[in-house]
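I have placed the structure first, in the form of structure tokens, so that the comments after it can refer back to it.
Any read-out appearing in this document is the output of simple, stated calculations on the displayed coordinates, not a laboratory observation. Since the model is a prediction, treat every value here as computed from it, not as a measurement. Using ideal geometry, Cβ is built from the backbone for each residue, glycine included, and neighbour counts are taken over all protein chains shown.
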Ligand SMILES: *Cc1c(COP(=O)(O)O)cnc(C)c1O
């Protein structure tokens, strides 16, 4: 078995008995490696750059579900709006409005996750709890007919301290549970995107429904 195939099989076995699905994070990796994962049955792929994702979308089979997981600039939304399956990294109302506008042009509804800032590092994007609540309760959200908020995404602090990682995931899950009861025409939370190569095992224990794993499948990257 190839390395990619065996890594996928290993992770899939860890997902047995959980509600979670695997997003294979293929950013910076060549199309041949994505094809290999596809041939092993993988259908959900995550990328962090709009142009790179679009090139891969055009080159690969059309039954792939494409996840945008990286910080998304508003002027890039138009490239992915025709086909993206889920945008994990919505970190402002302005971005959400742009996604809504481009989704409308494409006559579709785009599923989105709101990114929540749970890590210690100040460099990570995302809403804090107060900002999240005011977005969810805003009148402006009600007007967006072409987006649907289906969950939350977060990234834990990059650290060896597993108890810190666990408590950050717990914070995210408790916000998720609190907001799950809220229902609007474009808000119905069911997905909790948390966990990467180094911490997905903890994330699964803390209720993740979508793990985003890259280097454990495709090997280390040369750049972010
Ligand atoms: C790159 C990236 C991942 C995957 O990271 P690995 O450590 O390679 O598993 C997950 N989530 C986001 C947001 C990323 O940018």
Q. Which of 91, 107 comes first, and how do the rest follow, when ranked by fewest Cβ neighbours within 10 Å?
A. 107, 91
Q.
Given the C-alpha atoms of segment 86-143, compute the convex hull and give its volume per residue in Å³.
A. 79 Å³
(Q) Compute for segment 148-224: radius of gyration divided by Kirkwood radius, i.e. Rg/Rh, restricted to C-alpha atoms, rounded to two decimals. (A) 1.04
Q) What number, rounded to the nearest 500 deg cm²/dmol, is the helix-based mean residue ellipticity at 222 nm of the chain, given -39500 (n - 2.57) per DSSP H run of at least four residues and division by all its residues? A) -11500 deg cm²/dmol
**Q.** Cut-off 15 Å, label 7 Å out along Cα→Cβ of residue 125, residues of segment 156-196 by amide N
**A.** none
Q: Nearest 5 is fine: what % of DSSP beta bridges in the chain come out antiparallel, could you say?
A: 5 percent
Q. So between residue 181 and residue 166, what do we pick up on full extension, going 0.36 nm a residue minus the alpha carbon distance?
A. 3.0 nm
Q | Fewest-first ranking of 196, 68, using other Cβ atoms within 10 Å as the exposure measure | A | 196, 68
Q: Note the direction-averaged projected area, equal to a quarter of the hull surface, for the Cα convex hull of segment 83-182, in nm².
A: 6.8 nm²
**Q.** the chain: equivalent-ellipsoid semi-axes (sqrt of 5 x gyration tensor eigenvalues, Cα, Å)
**A.** 26, 22, 15
Q) Applying 1/(1 + (r/R0)^6) with R0 = 35 Å to the Cβ-Cβ distance of residue 21 and residue 107, what FRET efficiency is obtained, to the nearest 0.05? A) 0.85
